[in-house]
1. What is the extension gain from Ala103 to Phe20, computed as 0.36 nm multiplied by their sequence separation minus the C-alpha to C-alpha distance, in nm to one decimal?
2. Who wins for biggest fluctuation among Glu74, Glu97, Glu19 in a Gaussian network model of the chain, springs between alpha carbons below 10 Å?
3. How do the peptides 34-40, 3-9 rank, highest first, by the average count of neighbouring beta carbon atoms within 10 Å per residue?
4. Dipole magnitude of the chain about its Cα centre, charges +1 at Lys/Arg Cβ and -1 at Asp/Glu Cβ only, in debye to the nearest 20?
5. Under a point spin-label approximation (7 Å from Cα along Cα-to-Cβ), what is the Glu56-Glu91 distance to one decimal in nm?
6. Before I look further, what does segment 20-107 give for accessible area per residue, probe 1.4 Å, in whole square angstrom?
7. For segment 76-86, just list the computed ³J(HN,Hα) in residue order, Karplus coefficients 6.51, -1.76 and 1.60, θ = phi - 60°, integers in Hz, with x standing in for Gly and Pro.
8. At 222 nm, what helix-only mean residue ellipticity would the chain give, in deg cm²/dmol to the nearest 500, using -39500 (n - 2.57) for each DSSP H run of four or more?
Amino acid sequence: MLLAFDGDTPLGMILFFYEFSTWRGRPGLYVQDIYVASTARGTGLGRKLIAAAVTEASKRGAVYLRLSVHADNEGGTGFYDQLGFRHAAHEKMMVLEGDAFEAMGDS
């Protein structure tokens, strides 16, 4: 996790972890969460947080970044589009939760 502050005031954070893509044959990183306080939006802080995560991950040989954005988050989608992200049409996010999650754990 990387944190951004203005003095003692937290302004943003990015939470990521390293992963390995077997079909790429290369390491990368997955951004679990990114948050920028409303008072800091439009200042470039989100881009700086992503850039800092990429810099850190590159030191470990990472060559890509993946993240998921909620389908109705138009602001987030627009932000990622501006940075050069593309929709990974070859992937489909799958979730196991609730009763199905519990049943899997009991099996």
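The values are calculated or read from the model by the stated rules, or taken from the named source; none is laboratory data. Treat the numbers as computed from the prediction; the structure is a model and nothing was measured. We place every Cβ from the backbone using ideal geometry, glycine too, and count neighbours over all the protein chains shown. For accessibility, only protein heavy atoms count, side chains too; no ligands or nucleic acids. Shrake-Rupley method; radii C 1.70, N 1.55, O 1.52, S 1.80 Å.
1. On the way: separation 83, 0.36 × 83 = 29.88 nm, distance 2.84 nm.
Residue separation times 0.36 nm, minus the Cα-Cα distance, leaves 27.0 nm.
2. Evaluated over the chain, the most mobile residue of the options is Glu97.
3. On the way: 34-40: 14.9, 3-9: 10.4.
Per-residue Cβ counts within 10 Å, averaged per peptide and sorted highest first, yield 34-40, 3-9.
4. Details: 10 positive and 13 negative charges, 161 e Å.
So the dipole magnitude of the chain works out to roughly 780 debye.
5. About 1.9 nm separates the two model spin labels.
6. On the way: 6660 Å² over 88 residues.
Accessible surface, normalised per residue, equals 76 Å².
7. Karplus values, whole Hz, x for Gly and Pro: x, 4, x, 4, 5, 4, 4, 7, x, 5, 10.
8. Numbers: 3 runs with 33 residues, N = 107.
Estimated from H runs of four or more residues: -9500 deg cm²/dmol.
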